[in-house]
Amino acid sequence: MSTNRHPIEQEELMAYLDGELPLDRARETSSHVELCPECQTLAADFRGVSQELMAWEVESPEVGIPSEINVALGERLQKREAAKISSPRFHNRVLTSRWVWAGALAIVCVAVGLKLTLTSRNRNDDHSTAYPSMASIEQYLMPDRNAEIAMARSAAPEAISSDARILVLGWRGYETAIEGKNGFVCVVERSWTSPFNSAQFWNPKVRGPVCFNPAAARSILPLTIKRTEMVLGGLSKAQMIDSIKVGFDNKELPTPEPGAMCYMMSRAGYLNDAVGHYVPHLMFYFPPTDKSSWGADLPDSPVTLNPQFQGGPEPITEFVIPVSKWSDGTAAPVM
Amino acid sequence: MTSDEALMLEFQSGSRAAFEELFARYRKPLYGFFGRRLNNPERAEDLAQETFLAVIRAASRYEPRASVRTYLYGIALKLLAAERRKFLTSSTFGQSASEPKTDGTPECVLWVRQAMEKLDAQEREILMLREYEQLSYSEIAELLRIPVNTVRSRLFRSRLALKSYLESEAKTNPALRASAGQPHPGKRGMQ
């Protein structure tokens, strides 16, 4: 891959996939990769290597805090308590001196410094590598059920979503909040519908509003529900992958029905740390299909193959087409 | 969610609950860290505990200049180095006080381990910190005290080497290759 034909180095492509490029450079890379089969192949190779490595899981035994740690912890906390008890006399003496003001000033400075450091750290936490494991379930739930219903509905124009069945995420999985009339189902997906090797897989901030048409509600939505149940059931990623494969092998999981598609036109969603709410788009699902049959990823073609399904446990080809307006009819940014 | 750094500061101030939360967040990742590098579950458990004991002993010295994650893996790397020094004969990757335990290990895992062994030691470490501990380039650079660009270039080399190795193995042993490759799962939506 020479820079004569490619505006990015191979190493940069790797850094892009790792979420390690600055936003503007990441956008340039993304645009180029969408149009460059050679880079797509290399990207798939990098992802493939990561995927291979995922096979090496180390199952940790489930144990509480070991006694040695409990003892050490107790000793430390006791010492600290003792130090606190013995400190008032010293504290009283200090209070009377002018040093108290210097001390107070120092504390303020430290507090400000800490705040700045922590603020900076929290910003860094937004980085894509900040989600190594599942957060507490509460982090993925939306406390306001009505807000989740509204967000789910915002995936499609009102004419579609107002009569759709609406699902919301509860402690045990998705549950019907509102029954529908038109066969569409709207739901806010969470991070675990990302690829298993994605750094965003456990990002608790992800909210992906989507409205499935009837064919997709029957044949694609079950995959979201399946993944969610497995996540809430505490399965490892390897177990989830195996279970999905078995589900398809046994035909317990459906393949995409003809005409399966969905709307993702919400401006309220948050798809990942890199793209935020992204742009409004429609997605179309098929059993494994050659992308050339749709002219996907060709110069100036608005159709993109979503590469994240390629070679996955779900035998699905997914095409994405950006649209110009959000579901509320307002203009969307140009890609 | 309370940040790790805030929990650490609470622990410094005497909060047992803050430590317990940190323990819950990092027990499995640390066990995995040692488990993959030593291939000895008992020692992995011991050293994960040792890491937390070191945190307790040195809590007062923690300064929020570094993230807790980097701080913990910094301790873990030191413990790992000490462990390896104790067993000089285990200079080969994946060995520790005992021989690698392969009983019951899936073939695909053995194969990945074998592939990793072919890498240069430092490149392998960078790759593992990235893939398994999911550290950022700058966190790896900080831990290993090398420039970020070096992290990137070595990571690049190691991934290419691994890819090349995996491809050559696939040609010579297609059955094994097929069992190792976990397919890349899809995602609905551009996430």
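The values are calculated or read from the model by the stated rules, or taken from the named source; none is laboratory data. Everything quoted here is computed from the prediction, not taken from an experiment. Positions of Cβ are generated from backbone atoms using ideal geometry, with glycine treated the same way; all protein chains shown enter the neighbour counts.
The single condition from (1) more than 23 Å from B:Ala121 (Cα to Cα); (2) part of a helix (DSSP H, G or I); (3) at the interface with another protein chain (Cβ under 9 Å from one of its Cβ atoms); (4) among the charged types (D, E, K, R) that B:Arg36 fails is (1). Among the residues of segment B:129-158, those identified as surrounded by fewer than 22 Cβ atoms within 10 Å (Cβ to Cβ), hydrophobic (A, V, I, L, M, F, W, C) and either within 7 Å of another protein chain (Cβ to nearest Cβ) or part of a helix (DSSP H, G or I) (or both) are B:Ala141, B:Leu144, B:Val148, B:Phe156. Quick check: anything in segment A:218-235 over 18 Å from the mean Cα position of the chain (by Cα), within 12 Å of chain B (Cβ to nearest Cβ), not aromatic (Phe, Trp, Tyr) and not in a loop (DSSP other than H, G, I, E, B)? The answer is yes, given that some residue of segment A:218-235 is over 18 Å from the mean Cα position of the chain (by Cα), within 12 Å of chain B (Cβ to nearest Cβ), not aromatic (Phe, Trp, Tyr) and not in a loop (DSSP other than H, G, I, E, B). Scanning segment A:236-247 for residues that are in a helix (DSSP H, G or I) and in contact with an Asp or Glu (Cβ under 7 Å, 6 or more places away or on another chain) returns A:Ala238, A:Ile244.
Residues in segment A:37-75 that are within 23 Å of B:Arg36 (Cβ to Cβ) and under 29 Å from the mean Cα position of the chain (by Cα): how many? Summing the residues that are within 23 Å of B:Arg36 (Cβ to Cβ) and under 29 Å from the mean Cα position of the chain (by Cα) in segment A:37-75 gives 19. Restricting A:Tyr285, A:Tyr263 to residues that are out of contact with any Leu (no Cβ under 8 Å at 6 or more places or on another chain), at pLDDT 90 or above, under 22 Å from A:Ala215 (Cα atoms) and buried (at least 19 other Cβ atoms within 10 Å of the Cβ) narrows the list to A:Tyr285.
Considering segment B:2-33, the residues that are within 7 Å of another protein chain (Cβ to nearest Cβ), on the phi < 0 side of the Ramachandran plot and more than 22 Å from the chain's Cα centre (by Cα) include one that is surrounded by the fewest Cβ atoms within 10 Å (Cβ to Cβ), namely B:Arg16. With respect to (1) in a helix (DSSP H, G or I); (2) more than 10 Å from chain A (Cβ to nearest Cβ); (3) buried (at least 21 other Cβ atoms within 10 Å of the Cβ), the lone exception for B:Leu119 is condition (1). Residues considered: B:Ala44, B:Ala58. Of these, the only one that is more than 7 Å from chain A (Cβ to nearest Cβ), closer than 19 Å to A:Val71 by Cβ and either surrounded by fewer than 22 Cβ atoms within 10 Å (Cβ to Cβ) or modelled with pLDDT under 95 (or both) is B:Ala58.
Pairs only if they're at least six apart or on different chains, beta carbon under 7 angstrom, first in segment B:9-22 and of a type outside the set (Gly, Ala, Ser), second assigned to a loop (DSSP other than H, G, I, E, B); list them, first residue then second. If the second residue must be assigned to a loop (DSSP other than H, G, I, E, B), the pairs left are B:Leu9/B:Pro64; B:Gln12/B:Tyr62; B:Glu20/A:Ile65. Tell me yes or no: at least one residue of segment A:300-307 is in contact (Cβ under 8 Å) with a residue 60 or more places away in the chain and within 11 Å of another protein chain (Cβ to nearest Cβ). Among the residues of segment A:300-307, at least one is in contact (Cβ under 8 Å) with a residue 60 or more places away in the chain and within 11 Å of another protein chain (Cβ to nearest Cβ), which makes the answer yes.
Residue count for segment A:307-335, restricted to those that are modelled with pLDDT of 75 or more, among the β-branched types (Val, Ile, Thr) and assigned to a loop (DSSP other than H, G, I, E, B): 3. Kindly indicate whether A:Arg27 is at pLDDT below 85, of a type outside the set (Asp, Glu) and under 21 Å from the mean Cα position of the chain (by Cα). Yes. Inspection of segment A:203-213 finds no residue satisfying the criterion of being more than 13 Å from every other protein chain (Cβ to nearest Cβ), surrounded by fewer than 18 Cβ atoms within 10 Å (Cβ to Cβ) and on the phi < 0 side of the Ramachandran plot. Among the residues examined, B:Arg61 does not qualify as in contact with a helix residue (DSSP H, G or I) (Cβ under 9 Å, 6 or more places away or on another chain) and either more than 21 Å from B:Ile140 (Cα to Cα) or not acidic (Asp, Glu) (or both).
Scanning segment A:1-48 for residues that are of a type in the set (A, V, I, L, M), more than 24 Å from B:Ser164 (Cβ to Cβ) and without any contact (Cβ under 8 Å) to a residue 40 or more places away in the chain gives a single hit, A:Leu21.
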